[in-house]
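Chemist: Dropping a structure here in structure tokens format, bear with me for questions.
The values are calculated or read from the model by the stated rules, or taken from the named source; none is laboratory data. From a predicted model like this one, the values you see are computed outputs, not experimental measurements. Cβ placement follows ideal geometry from the backbone for every residue including glycine, while neighbour counts extend to all protein chains displayed. Side chains are part of the model used for accessible areas, which takes the heavy atoms of the whole protein and leaves out ligands, DNA and RNA. Shrake-Rupley method; radii C 1.70, N 1.55, O 1.52, S 1.80 Å.
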Amino acid sequence: MATNGRRQVDEDDDDIIDVDDSSLQNNQANYAWEEEYKRSWDVLQEDEHGSLAGVVNSLQQAAKRKRQLRDTDPIQRGIIRHLFIIVDLSSSMQEKDLRPSRLSLTFTYLEAFVAEYFDQNPISQIGLIGTKDGLAEKLTELSGNPTEHIRTLKMKKFQEVGGEPSLQNALELARNSLIHVPAHGSREILVIMGSLTTTDPGNIHDTIAQLVQDNIRASVIALAAEVQVLKSLSTQTKGTFGVAMNEGHYRDLLFEVIPPTAVTTTKTSSNLVQMGFPARSNESAATLCACHNKLTLGGYICPRCNSKLCDIPTECDICTLTLVSSPLLARSYHHLFPVENFIEVAWKDAAATTACFSCQKSFLSPHKVSLQLQATTDAGRYQCKLCDKTFCADCDLFIHDVLHNCPGCLSQPRRLFGKPKAMATANIPKATVQK
Amino acid sequence: MKDSTINEDDPNLLVIVIDINPFEWEHPSAPLSLNEALQHILAFMNAHLAGRHDNRLAVIASHVGASKFLYPELNGPIPGGRVGTKKDANAYQVFKVVNDAVQSGIAKLLQDPRPALEERDVGSSKIAASLSLGLCYINQALKSDGMGHVRPRILVLTVSPDSSSDYIPIMNCIFSAQKANIPIDVCKIWGKDAVFLQQAAHITEGIYMKPSDPRGLLQILMFSFLPDMYSRNYLYLPGQDQVDFRAACFCHKKIVDIGYVCSVCLSIFCSFSPVCSTCRTKFAFQPLLPSARRLGAKAGASNPGSPRPSTPLPTPS
């Protein structure tokens, strides 16, 4: 097995504030241990009153903005996703370089990951695969029920480790389940690998070629170092690859997988899928449900075959109709109509507004801030391009990360801003992507 | 369900959204005038503020074509006509400030006909905008609350029918409220059930009520919506037995049981169409039926055992 014990710093992932530009340019050539030490405290300069508040403030604002300037291009996203998570359960997961140990950190993060994944991808599915002692084992089948996955993740039985992982066995296991999913859904694998080696029964490059052919995207998070075979797996299948540098970075890498990925391949056929919207029924007497064959009071009635199911979203066990509820579908609409990024207001235009439109917090008046401080900080006002309303940094973040509505645009008569305008512009990039 | 994280001493933040849609309030069949209802609502607000010394309140008006904070007011340059600066010996100052701000704010909104005239969809008010404003306000209040004790909730008092164009914004509000554990209580004072707000109350575990007699509004408010988050653990609150979760199709706004969903943007249609009207995706000619789906999956898997020898399978070279 070709292993390559390099540990490179990803170019775009340095969380440390860059002081020296030259070190940034050399960054790609150097290994992490060859880099010059970054002295992050050098950027902190006292102002004339000997206070650090202004600089710290502007650094915080910059960090907020960096996270928040995301692409608002409404490209097509694969919203119906099928994801297998392959977890390495080999003895190398007992290493304690990530606290408390690679294994327990992975399981803690995965629990949060599953919850967040289903929050953002409500009609998608997840399956879990563990690999140890040269074998791969399915911990959970592909399903859309988060409670089941979280319960499995909490079980101690599955947290036993031992021996070597087998990447090929795990990939084949995932592939065999994924090739049966309908073509309109995306097929993805996420590999979390702590080991530098794998024990495989055959040629792993054949498996990778198969994955490419079946249009399965595999992303890899390595916990130890960059391993050549993992890297080539992710590049060939158009996935992402990352090496976790520390606990926080590991979490970031993992959570990057959550937003639905843009559809770039023309292979995934889009289609109209038949779905049922069952009504909830309350019964006075218990009847058998079709999913567990248990006596239950109330449930959801499949509109096509009238069988009773305990929970939605699910696939009807009798007639295989996908059953969802309309709020579940609505959960992912914000991916389709993202809020435009707000523009920063400069200090010279800052006097026009005195308070944030949405939370009523009053802004710092530009007359009370010295010119010198104005040069180093920004005004903390962010303006929506469509409605010209001004918001504070907290609301800006909240609107784009959580709410996905612009309160200013909504508060206007509908004729002025209007969905038609937003949607007309939304459609232009889409058409180009499709071609 | 008892939430043990809530303490009896926690201050409550109540954000009230008042629908002041004049087309509904001034309708000849309206059982209650806005002025009368406002007296009830002001009494309720005062009761909330009287409950604890550190209880907080925000009031947002949802008008046709506009949505605005009534209390706390924007602390901009104070115009000469601002009321409430004069002390009244017979009134508790906190109540007086709130009452004056709400009354004058509503009067000011109703005197300006512009937003209502420019609005295309005159039937309904800006509930989604008011909810967004309220959520931003709560977000800021929670952030500035160092102790983390403030218990926020939202109460929507509405008379207008749902506006279908508000569906996605309202849904976005519901999900962010659900994430932050903010219940959205809804009192539909009269008229047909508000389906979106019914879902809002259901998803965020709030209370949805439609009083049988709107003239007893104060009683409904006091008994159902005044209890704070702590007391709610011990009360048997009015619930909803039936919530309509069926979807309306995007093409004809028809309620559907079985619909066709675009796999790219999840728009719902009642019949098959070759191009998605929302995201302009072109579809394959026939919708995938479950049987066809299974065959397609097998063909893609290049499974040599599949019983279809007549068509040559694409084999990798």
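Chemist: Which helices (runs of 4 or more DSSP H) does region B:104-199 wholly contain that include 1 or more residues that are in contact with a Cys (Cβ under 7 Å, 6 or more places away or on another chain) and either of a type in the set (S, T, N, Q) or not assigned by TED's automatic domain parsing to the domain that holds residue B:42 (or both)?
Modeler: B:127-144
Chemist: Mind checking whether some residue in region A:128-143 is touching a helix residue (DSSP H, G or I) at 6+ places or on another chain (Cβ under 7 Å), open to solvent by less than 20 Å² (accessible area, probe 1.4 Å), closer than 21 Å to residue A:180 by Cα and among the hydroxyl-bearing types (Ser, Thr, Tyr)?
Modeler: Yes: one or more hits.
Chemist: Any residue at all in region B:181-193 that is farther than 22 Å from residue A:411 by Cα, within 14 Å of chain A (Cβ to nearest Cβ) and not β-branched (Val, Ile, Thr)?
Modeler: yes
Chemist: Separate question: For region B:72-111, how many residues are modelled with pLDDT of 80 or more and within 14 Å of chain A (Cβ to nearest Cβ)?
Modeler: Of the residues in that region, 4 qualify.
Chemist: Same structure again: Quick one: would you say residue A:242 is touching a Leu at 6+ places or on another chain (Cβ under 8 Å), assigned by TED's automatic domain parsing to the domain that holds residue A:197 and either assigned to a strand (DSSP E or B) or open to solvent by 20 Å² or more (accessible area, probe 1.4 Å) (or both)?
Modeler: yes
Chemist: Another question about this same structure. Give the residue, chosen from B:165, B:132, that is among the hydroxyl-bearing types (Ser, Thr, Tyr), facing chain A (nearest Cβ under 10 Å) and open to solvent by 10 Å² or more (accessible area, probe 1.4 Å).
Modeler: Only one candidate passes the filter, namely B:165.
Chemist: Please verify whether region B:226-241 includes one or more residues that are at pLDDT 90 or above and open to solvent by 30 Å² or more (accessible area, probe 1.4 Å).
Modeler: Within region B:226-241, one or more residues are at pLDDT 90 or above and open to solvent by 30 Å² or more (accessible area, probe 1.4 Å).
Chemist: For residues that are open to solvent by 10 Å² or more (accessible area, probe 1.4 Å) and either facing chain B (nearest Cβ under 9 Å) or under 27 Å from the mean Cα position of the chain (by Cα) (or both), tally how many sit in region A:269-289.
Modeler: 6
Chemist: Look at residue A:234 and say whether it is without any contact (Cβ under 8 Å) to a residue 60 or more places away in the chain, touching a strand residue (DSSP E or B) at 6+ places or on another chain (Cβ under 6 Å), among the hydroxyl-bearing types (Ser, Thr, Tyr) and assigned to a helix (DSSP H, G or I).
Modeler: Taking the combined requirement at face value, the residue satisfies it.
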